[in-house]
Amino acid sequence: FPGLADVSISQDIPVEGEITVPVGSHSPDEDYSTLDEPVKDTILRDLKAVGKKFVHVMYPKKSSALLRDWDLWGPLVLCVSLALMLQGGSADSKDDGGPQFAEVFVIIWFGAVVITLNSKLLGGTISFFQSLCVLGYCVMPLTVAMLVCRLVLLAGGGTISFIIRLIVVGAMFGWSTLASTAFLADSQPPNRKALVVYPIFLFYFVISWMILTFTPQ
Amino acid sequence: IACLVMYFFAEFDDAANLLAANPDATTISIDEPVETPKNQHSRLPEPGREEDDELLGTDDSDKTELLAGQKKSAPFWTFEYYQTFFDVDTYQVLDRIKGSVFPVPGKNFVRLYIRSNPDLYGPFWICATLVFTIAVSGNLSNFFIHLGKPTYHYVPEFRKVSIAATTIYAYAWLVPLALWGFLMWRNSKVMNIVSYSFLEIVCVYGYSLFIYIPTAILWIIPQKVVRWVLMVFSLCLSGSVLVMTFWPAVRDDNRRIAVATVATILLLHALLAVGCLAYFFDAPELDLPAPVLPEPIIPAHNGTTIVTKSH
């Protein structure tokens, strides 16, 4: 670089400024300031975030709150409660009963991971954990359906209760699929949307099937 | 001898470019009766000729062979490498499914639809759908068959999902692996004109399983004749896709080995269908004799008890 050959720092220009970087500026990571707060505040803040996401799932609009601040507490709670409620049905017959606790867990988490990988491989721009978060939170309508089914089954089996359960599970299945599609569809390339939505449909269908075929012993 | 020499030249890039620039030069030397390379839409009695033309006569296939080699250039430990296997749009997947359900006689599925862009989306999700369809349909069909019987208590039979998954995924991945290995081995002995990559074979097998999804749903009908008719029909459709794909690959080989290979492919395919029908769907005429008990109290499903003796 010939132009810079005769640039030199002359001795009499003082160098000024501060070397240290000011701490505690506008970083979004506020770990330093939250370290001193009481534990109750931390837990309440997280619970509020989880609760806000549940509300977002109940009224699915295209909001980015669910995507931006992802967390996996909600999906974990939903998955565990769904798996627990699916126990106690025909558990005596070893081979032909309903799904075990571990099977429900594996289906939900492994299914969510596979769907996320699928959407990323097809060129989606959503991040891995954001997608897991959305898919997990959208299991909530089906967990509610499971609760309703168990209550209906307490009143007795039979055709009427089966029809009620079918309608409830069907409605919740539609709600789950629509909610997750509303959140995830925008991040996909436009000519591959159906390729991404179909596995989500299959995933919630399988969970709905497990809920619908639950028969107490 | 001339066609063998031309085949060797096709292995080198610059010679292939030369061939692509001069398609007429190759076609004249290959076929004994001189056929024009444009003549691909006429109804040829032998599907093999058409595939020869499609494969070596046009410069499209040469270019796509070259492009296929250049496409997947990312190293295998990066994410982009695996993204190349999912480089399909919705309409392409639907076209491939349509091609597997309505096989056009004489058209090779791989050459026509896959065109050196094999994808893993179709095989994976068709197998997943098939697994759950078979499990759910089997469960439903057993429920309807045993519905009126007093001793029947409905069970979801969730174990069968794992068994179905293992069987179908093993079939869709191990059989193509074995077939690909076998074809590679025969390729080293006999100079075959047509050869497929492993992913193309997986693709063909995956898409050929699609016809079993509606078949499994229709198998809920508890009539033995209906089920067997459906099975034969779907076996013919998907079997024909497989045969038309693999016959050109083994045709130049020893006659008996070629016939044995195609027969094995069909046999395994039939075994899968028959095995699924036998294992997941109970036979409709299976009528367990009701146990003759001295008029017990039978608890019905709705919770009330029926006391058969008089009060």
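Brief remarks follow.
- Amide H contacts of residue B:282 (H built 1.01 Å from N, in plane; Pro and chain starts excluded): B:142 sit under 5 Å, all sequence-distant by 5 or more or on other chains.
- Shielding by partners for peptide B:153-166, expressed as the average number of C-beta atoms from other protein chains within 10 Å of each residue's C-beta, is 5.
- Shown in residue order for region B:131-143 are the 3J(HN,Hα) couplings computed by the Karplus curve 6.51 cos²θ - 1.76 cosθ + 1.60 at θ = phi - 60°: 4, 6, 5, 5, 5, 5, 5, x, 4, 4, 5, 5, 4 Hz (x for Gly and Pro).
- Each residue of region A:149-156 was assigned a 3J(HN,Hα) from its phi angle through the Karplus expression (A = 6.51, B = -1.76, C = 1.60, θ = phi - 60°), giving 4, 5, 5, 5, 6, 5, 6, x Hz with x at Gly and Pro.
- Computed log₁₀ I(q)/I(0) - Debye formula, equal Cα scatterers, no solvent, region B:127-210, q 0.18, 0.24 Å⁻¹: -0.81, -1.08
- If R0 equals 35 Å, the separation of the Cβ atoms of residue B:260 and residue B:91 corresponds to a calculated FRET efficiency of about 0.35.
- Across peptide A:110-119, the average count of Cβ atoms from other chains found within 10 Å of a residue's Cβ is 1.
- Relative packing of peptides B:112-121, B:82-91 - highest average C-beta neighbours within 10 Å first: B:112-121, B:82-91
- Across A:52/A:120; B:107/B:160; A:53/A:193; A:193/B:98, pairs whose alpha-carbon gap is larger than 29 Å: B:107/B:160
- Inter-site label distance for residue A:54 and residue B:152 at 7 Å from Cα along Cβ, in nm: 4.0 nm
- The residues neighbouring residue A:72, those whose beta-carbon lies less than 13 Å from its own, together hold a net charge of -2 under the Lys/Arg +1, Asp/Glu -1 convention.
- Mean Cβ count within 10 Å, highest first, over the residues of peptides A:131-142, B:238-249: A:131-142, B:238-249
No lab work stands behind these numbers, since they all come straight from the coordinates. Computed from a predicted model, the values in this text were never measured in an experiment. Glycine gets a Cβ as well: all are built from the backbone with ideal geometry, and neighbour counts include every protein chain shown.
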